[in-house]
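This is the structure I want to talk about, given as structure tokens.
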Amino acid sequence: MISYKSVAFNLFISLLLLSCNNQKDTNEDLNLKKTSQYTEADYDFLAIGNPEKLSAASKRALENNYHKNDVWFGAFRDHSIKGDIGYEKGVIRRDPTMVIQVDSLYYTWYTKSTGKTYGFGTGDPEKKVFPWDKSEIWYATSTDGWDWKEQGLAITFGPEGEYDDRSVFTPEILVHENKYYLVYQCIQAPYLNRSFNTVGMSVADSPNGPWKRLDAPILEAAKDGEWLGEEDSRFAVKKQGSFDSQKVHDPTLLFYKNKFYLYYKGERMGERRTCGGREIRWGVAIADKPEGPYTKSEYNPITHSGHEICVWKYKDGIAMVSSADGPERQTIQFAPDGINFEIKSYINWVPSAMGLVTTLDNDNHPTEALTWGLHHKTQIYPGESWLTGDNYLARFSFSKNRNTKAEFANKK
Ligand code: AAL
């Protein structure tokens with residue numbers, strides 16, 4: 001006897017199988033659609049013999065366009081420079097700006113300080129806590145980009161009690177309509193683990209100054225986390241808050257799409273260790289005028305990796321190099337709209353705090369803007385750490401081919 005129950009059960013199973021088959025068909029259709037956008041040439045370039053049987057790596061190679069991104073790959077190299085801004089014992093010179101050219105002279109600005117670094121918690125608020133603490137912004141010029149002459153001070157600390165009274169450092173330069181804009185990090189005393197920092201700006205009519213400092217910062221940390229307890233630890237939090245809840249670092253200003261794009265690195269209250277490194281993300285804030293007001297993009301964070309900002313205009317978009325931290329460290333990326341970055345290539349080593357030379361024809365090639373520039377290095381003394389070492393400037397180049405060591409050995 002066939003019971004109503006078993007009929008209902010069989011019907012249920014049949015419907016289930018039918019819907020699974022439909023599901024299967026739909027997935028296959030989707031796969032077909034996806035793969036049909038690729039040509040025989042694509043498969044051939046990637047040595048994919050059977051497009052019906054794609055391994056995960058082959059699917060990724062097709063989806064990520066590895067076969068079309070070849071032009072974004074290459075390798076950085078490091079070169080010593082001559083003159084005043086290379087290694088000097090007891091002197092910190094670091095975080096150089098982009099290299100601009102005015103009347104056939106190259107210019108760069110950088111963080112400069114002297115004096116021993118002690119770290120936090122000494123009990124003496126006057127003691128330097130980081131190599132970039134108690135620092136000012138100096139500048140140097142060169143006729144050939146190799147031999148540099150230090151010209152002197154550009155920006156010093158603000159008046160006591162102001163946002164920039166303790167340290168001004170990590171500058172970046174923008175030249176726009178014959179005016180010079182320096183943006184940089186600022187610290188107000190006292191410098192504690194839990195200090196929030198700001199971005200300041202000074203403006204001049206000539207690269208040699210005089211520089212006029214704005215009365216207020218142009219960018220501030222979100223400050224929307226919550227500290228845990230009273231101890232001065234930046235890792236003890238009840239809540240972390242936004243990607244830039246504690247720090248807004250490495251400001252880099254580009255004139256793009258008729259607006260001013262201020263790219264920056266955010267650091268979070270209660271920063272975590274992730275992906276074998278630090279929790280670092282980038283954001284962008286946009287303004288109609290160079291002095292602001294700047295509005296942080298709703299799409300922030302725009303990266304989940306990187307360290308010091310290195311961005312340049314390429315065609316209608318923005319390209320960037322992601323350096324030390326995060327899952328996408330050591331990659332070159334491109335965003336057609338300056339916001340939505342995709343990985344284009346992977347690199348073995350990225351120089352620290354790159355300042356790109358701005359006189360190159362960026363659109364000539366995806367990595368043309370990386371042809372040369374300045375970066376910083378660290379001299380660590382025996383038995384000590386990077387904290388008490390000296391920083392100095394050097395030059396980098398980018399070779400479109402990773403295997404050209406011999407070619408470079410013959411140069412500088
Ligand atoms: C750099 C930059 C910022 C940080 C410190 C000095 O590499 O990311 O400038 O504050 O380290």
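Can you work out ³J(HN,Hα) from phi for every residue in region 282-290, in order, using Karplus 6.51 cos²θ - 1.76 cosθ + 1.60 and θ = phi - 60°, giving whole Hz and x for Gly and Pro?
10, x, 9, 10, 10, 9, 7, 10, x
For the chain, with only Lys/Arg (+1) and Asp/Glu (-1) charged at the beta-carbon, what is the dipole magnitude about the Cα centre, in debye rounded to 20? Numbers along the way, then the final one.
Numbers: 50 positive and 55 negative charges, 186 e Å.
In debye, rounded to 20, the chain gives about 900.
Could you tell me which residue out of L254, G241, W227 lies farthest along the dipole of region 223-262 toward its positive end? Charges go on the beta carbon: Lys and Arg +1, Asp and Glu -1, centred on the Cα centre.
So the residue we want is L254.
Turning to a different aspect of this structure: Working from Cα positions, state the angle (0 to 90°, nearest 10) between the long axis of helix 4-36 and the longest principal axis of the chain.
50
Under 18 Å Cα-Cα from K239, which aspartates and glutamates qualify once same-chain neighbours fewer than 8 residues away are excluded?
D224, E226, E230, E231, E267, E271, E279
Next question, about the same structure. Residue by residue through region 354-367, which ³J(HN,Hα) values in whole Hz follow from phi under the Karplus form 6.51 cos²θ - 1.76 cosθ + 1.60 (θ = phi - 60°), with glycine and proline marked x?
These are the phi-based 3J(HN,Hα) values: 5, x, 7, 7, 9, 9, 8, 8, 3, 6, 4, 7, x, 10 Hz.
Can you check what the net charge comes to around E172, using other residues whose Cβ is under 11 Å from the Cβ of E172 (Lys, Arg +1; Asp, Glu -1)? Walk me through the numbers before you get to the answer.
Details: positive: none; negative: D95, D250, E308.
Here the count lands on -3.
For region 336-342, in order, what is each residue's ³J(HN,Hα) by Karplus, 6.51 cos²θ - 1.76 cosθ + 1.60 with θ = phi - 60°, in whole Hz (x at glycine and Pro)?
Whole-Hz 3J(HN,Hα) from phi for region 336-342: x, 10, x, 10, 9, 7, 10.
Now, a different point. Using the structure shown, list the pairs from K89/K127; K259/K344; K89/K265 with a Cα-Cα distance above 27 Å, or answer none.
Numbers: K89/K127 19 Å; K259/K344 25 Å; K89/K265 29 Å.
Check vs 27 Å cut-off fails for K89/K265.
So how strong a dipole does region 36-99 carry about its Cα centre when Lys and Arg Cβ are +1 and Asp and Glu Cβ are -1, to the nearest 20 debye?
Details: 9 positive and 10 negative charges, 77 e Å.
It comes to approximately 360 debye.
Ignoring everything except DSSP H segments at least 4 long, calculate the 222 nm mean residue ellipticity for the chain; use -39,500 (n - 2.57) per segment, divide by total residues, nearest 500.
Roughly -4000 deg cm²/dmol at 222 nm, from the helical runs in the chain.
Of P51, I218, L105, which is farthest on the positive side of the dipole of the chain, counting Cα position, with +1 on Lys and Arg Cβ, -1 on Asp and Glu Cβ, and the Cα centre as origin?
The residue sitting most towards the positive pole is P51.
Could you sort out which of K247/K296; K134/K212; K82/K134; K112/K134; K223/K247; K257/K296 sit more than 18 Å apart by Cα distance in this structure?
From K247/K296; K134/K212; K82/K134; K112/K134; K223/K247; K257/K296, over 18 Å: K134/K212; K82/K134.
Using a/c under 1.5 as the rounded threshold, could you call the chain rounded, prolate or oblate? The axes a ≥ b ≥ c are square roots of the C-alpha gyration tensor eigenvalues, and prolate needs a/b larger than b/c, oblate otherwise.
Working: a/c = 2.24, a/b = 1.59, b/c = 1.41.
Because a/c hits 1.5 or more and a/b exceeds b/c, the chain counts as prolate.
Values quoted throughout were computed directly from the atomic coordinates according to the rules given, and no laboratory measurement underlies them. All of these numbers come straight from a predicted model, not from anything done at the bench. All Cβ positions, even for glycine, are placed from backbone atoms using ideal geometry, and neighbour counts span all protein chains on display.
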